[in-house]
Amino acid sequence: MHGSTHTIRQNHQSDSEQFCNIGEAARLSGVSSKMIRHYEAIGMLAPARRTAANYRYYSDADINQLRFIKSARGLGFSIKQITALVGLWLTSDRSNAEVKDLAMAHVCELDERIREMQHMRSALHGLAMRCSGDGRPECPILDTLADQGRS
């Protein structure tokens, strides 16, 4: 390694293929080192190649896969769904119908979560509107939460 760069050039690899350590992979992909190790542990990312000193190193393809995973996480896909999406992305003879089905199923899940959150917001707003907020100890918000906890 040279200076601030963390690129590793393996003798058995072509000169055009660059590798980097986990810290650099994290920086380039926007995925933390901890999550990179987690994705490897659960099989979402192939186990990293290792140097003679047993340090992990990652290729450009690994970085691209980490970016793909990060993008899918940003859309709220679950680990299971992302694993399926990665598998489809890496398969050249995939069916886009399968990808669309996965995406539409996720849209339905998001719609349900939105409905649940709108219900929570409405309930909380109603409670907040019942509270005078005038500094007295009486609080209908706390009373309601305590009452619901008993039922």
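Each value in this text was obtained by applying a stated rule to the coordinates, not by laboratory testing. Note that this is a predicted model, so its numbers are computed, not measured. Note: ideal-geometry Cβ built from the backbone for every residue, glycine included; neighbour counts use all protein chains shown.
Can you bin the range 51-128 into rounded, prolate or oblate? Criterion: square roots of the alpha carbon gyration tensor eigenvalues sorted a ≥ b ≥ c, rounded for a/c under 1.5, prolate for a/b above b/c, oblate for the rest. Working shown, then result.
Values: a/c = 4.77, a/b = 1.81, b/c = 2.63.
Cα axes put the range 51-128 in the oblate bin.
The shape of the chain can be summarised by an equivalent ellipsoid whose semi-axes, obtained from the alpha carbon gyration tensor, come to 47, 23, 12 Å from longest to shortest. Placing unit charges on the Cβ atoms only, positive for Lys and Arg and negative for Asp and Glu, gives the chain a dipole magnitude near 360 debye about its Cα centre.
Membrane-span-like helices in the chain (whole DSSP H runs, Cα extent of at least 27 Å along the helix axis, mean Kyte-Doolittle hydropathy of at least 0.5): none found.
Kirkwood hydrodynamic radius, the range 95-141, all distinct C-alpha pairs: what's the number in Å? Mind showing how you got there, number by number?
Working: mean 1/r = 0.0740 Å⁻¹.
When all Cα pairs of the range 95-141 are included, the Kirkwood radius is 13.5 Å.
Which of the peptides 39-48, 108-117, 60-69 is most tightly packed, and how do the rest follow, going by the mean number of other Cβ atoms within 10 Å of each residue? Please report the intermediate quantities before stating the final value.
Details: 39-48: 15.0, 108-117: 10.7, 60-69: 17.7.
Most protected by this proxy first, the peptides run 60-69, 39-48, 108-117.
Evaluate E = 1/(1 + (r/R0)^6) for S33 and R115, where r is the Cβ-Cβ distance and R0 equals 30 Å; express this FRET efficiency to the nearest 0.05.
Details: r = 37 Å, r/R0 = 1.23.
With a Förster radius of 30 Å, E is 0.25.
Hey, what number do you get for the chain at 222 nm if only DSSP H runs of n ≥ 4 count, each worth -39500 (n - 2.57), divided across all residues, to the nearest 500? Computed ellipticity for the chain at 222 nm equals -19000 deg cm²/dmol. In this rough spin-label picture, where each label sits 7 Å from Cα along the Cβ direction, the D93-A41 distance is 3.6 nm. Packing order of peptides 22-29, 140-147, highest average first: 22-29, 140-147 (average count of other Cβ atoms within 10 Å over each peptide's residues).
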